[in-house]
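The values are calculated or read from the model by the stated rules, or taken from the named source; none is laboratory data. Treat the numbers as computed from the prediction; the structure is a model and nothing was measured. Positions of Cβ are generated from backbone atoms using ideal geometry, with glycine treated the same way; all protein chains shown enter the neighbour counts.
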Amino acid sequence: MIASASYTVIFYLLAALAVLLSLAVVNAWKLLRAAIALMGVLSMSAGLYVMLDASFLAGVQVLVYVGGIVVLIVFAVMLTRSAELLQDNPAPLRKILGAIASLAFLAATVGVFRSSPFLLSAEKAPLRDNTTLIGEKLLDYGAGGYVLPFEIISLLLLIAIIGGIVVARKTEPQGQPFTTGGDEAGEAEFRPPFTQEEHEDELELVEK
Amino acid sequence: MMSILWPLITIALALGIMLTSASALVWLERRMLALWQDRYGPNRVGPFGLLQVIADTLKMFFKEDWIPPFADKTVFFIAPMVIMTTALLSVAVVPFAPGFSVVDLNIGLLFFLAMSSMGVYSVALAGWASNNKYSLLGGLRASAQMISYEVFMGLSLMGVVMLAGSFNLRDIVEAQEHLWFCVPQFIGLVIFCIAGLAETHRIPFDLPEAESELVAGFHSEYSGMKFGMFFVGEYLGITLISAMIVTLFFGGWYGPILPPIIWFFLKVFVFQCGFILLRATLPRLRYDQLMSFGWKYMLPLSLINILITGAIILAKR
């Protein structure tokens, strides 16, 4: 009795916090605060996974989303100017596009909720301790196995990694290499953000 | 009644042990560094200077708790709490002795990795909220460093998981009854030690707080007990990493004659001393060295380790 009551209380606590934090994400004045609130939302959903006995999913959610992706967002925010978000009115086109995007997302969410059957009875509840089962299903190439999607995703990730390297790696600098003060190991690693010639061109432009 | 009391007792014991050992570690580190550097170290307060930690804590409590006017107050306040919270939460899954751990989670190892990956927020947010260029640089360095080394930390442990066939830390310890994993997983052990050192950002990986270039890095603006929390958090991190090394690679509580819990803490103590010795020996790395070492050597090495472990396990079947 006490267990089920506390279960309900914890569920509503997590749900309410998730909603409040989501509102904070879109309403925060500072980008970094939005990122922190996003971290909160993702942690709350990890809590909901725990309540659904999907502890592996919860662990991965915290590890990948909270501890990885949001940290990267924070990292990117710290690299940008820590200016407040622009508060003036956005262009009408952007408002319309934003409204369309949010309406489409709402329609998709409502559609998913209406079309999926929710199992309320305990008979078909998911198995407890499903970590082993997830591992077996992922590498199972028989019926009901997910080895093909798994491999396709790994291929996709490989493509993304190579793409990332191609985008990040600029062409070889043609001008004089940027020196870091006579340290050869450092010089070999260091790629200047612009070549000397480009910099001179910029200087000329500024002078003009 | 006992079913409610027992978990509470274990939580209190685990918290007590961890916090006491973290503060004892402060004293131990100062004394041992002094020994290696041929000086006395703190030896005036109490026998052997043992009460120095209490004196320092009292001092920190009575210092002015100042928030700079240019700081982001809420985030500045939250940041030091995160490091303590995540470190202490990870303690929940550590199996001290058979039947003595706060929770026996099936995803124990994942939980530990998740908590250590959340620890980065403390440093990154502290650096950003201080609104100071040195702090910001420290926070940036910390987030890049920790996000990189977290990858190797996770990958280095996969060999252990494959050998034990479980994420549950109790199962992992029990799988080491006959052979400690430090033998078959030696590469994993070395990578985990290095990554753990980088996660706690101590020398040689203390770039986020490199005092010769960044004042005190991310905690430049912190004073009083808020600084104290960063300080204790670092030592909690060392204790935790030592406990994890013992659990994952050195057979946890297993050992002859002495009771299991004593064995566990003896082993942890050895690794804590090892980390202090590392601090006394190694110089600080440069930032590009840190990154190239991680991504060029640690990542391929840990992937090869997983590959070889998997191949051997398959061949043995």
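Of the residues making up region B:169-184, one or more are within 14 Å of another protein chain (Cβ to nearest Cβ), among the hydrophobic types (A, V, I, L, M, F, W, C) and within 23 Å of residue B:260 (Cα to Cα).
Would it be correct to say that residue B:126 is crowded, with 20+ Cβ neighbours inside 10 Å and within 11 Å of chain A (Cβ to nearest Cβ)?
Values: crowded, with 20+ Cβ neighbours inside 10 Å: yes; within 11 Å of chain A (Cβ to nearest Cβ): no.
For residue B:126, the condition - crowded, with 20+ Cβ neighbours inside 10 Å and within 11 Å of chain A (Cβ to nearest Cβ) - is not met.
Cβ-Cβ distances below 8 Å connect the following pairs, each with a first residue in region A:1-22 that is among the polar types (S, T, N, Q), a second residue that is surrounded by 12 or more Cβ atoms within 10 Å (Cβ to Cβ) and in a helix (DSSP H, G or I), and a separation of six or more residues or different chains: A:22/A:37; A:22/A:41.
Looking only at region A:5-31, residues that are modelled with pLDDT under 80 and in a helix (DSSP H, G or I) come to 1 in all. Total residues in region B:81-123 satisfying the condition of being farther than 25 Å from residue B:217 by Cα, facing chain A (nearest Cβ under 10 Å) and β-branched (Val, Ile, Thr): the figure is 1. Scanning region A:1-59 for residues that are within 18 Å of residue A:70 (Cα to Cα) and of a type in the set (D, E, K, R), which turns out surrounded by the fewest Cβ atoms within 10 Å (Cβ to Cβ)? Ranking the candidates gives A:30 first.
Would you say residue B:266 is buried (at least 22 other Cβ atoms within 10 Å of the Cβ) and in a helix (DSSP H, G or I)?
No; evaluated as a whole, the condition is false for this residue.
Only one of the numbered conditions (1) surrounded by 24 or more Cβ atoms within 10 Å (Cβ to Cβ); (2) farther than 20 Å from residue A:70 by Cβ is violated by residue B:138, and that is (2).
Can you tell me which residue within region A:131-153, out of those that are assigned to a helix (DSSP H, G or I) and within 13 Å of another protein chain (Cβ to nearest Cβ), is farthest from residue B:109 (Cα to Cα)? Don't jump to the end; show me each part of the working.
Going residue by residue through region A:131-153, those that are assigned to a helix (DSSP H, G or I) are A:131-138, A:147-153.
Next, from what is left, pick out any that are within 13 Å of another protein chain (Cβ to nearest Cβ): A:131-136.
Details: A:131: 12, A:132: 14, A:133: 17, A:134: 16, A:135: 16, A:136: 19 Å.
Among those that are assigned to a helix (DSSP H, G or I) and within 13 Å of another protein chain (Cβ to nearest Cβ), it is A:136.
A single entry from B:152, B:181, B:205, B:192 fulfils the requirement of being in a loop (DSSP other than H, G, I, E, B) and under 27 Å from residue B:315 (Cα atoms): B:181.
Restricting attention to region B:85-120 and to residues that are surrounded by fewer than 23 Cβ atoms within 10 Å (Cβ to Cβ) and small (Gly, Ala, Ser), the residue that is farthest from residue A:55 (Cα to Cα) turns out to be B:97.
Take residue B:82 and tell me if it is surrounded by 19 or more Cβ atoms within 10 Å (Cβ to Cβ), assigned to a loop (DSSP other than H, G, I, E, B) and touching a helix residue (DSSP H, G or I) at 6+ places or on another chain (Cβ under 9 Å).
When the stated conditions are applied, residue B:82 does not pass them.
The residue that is farthest from the chain's Cα centre (by Cα), counting only those in region B:243-263 that are crowded, with 24+ Cβ neighbours inside 10 Å and not aromatic (Phe, Trp, Tyr), is B:252.
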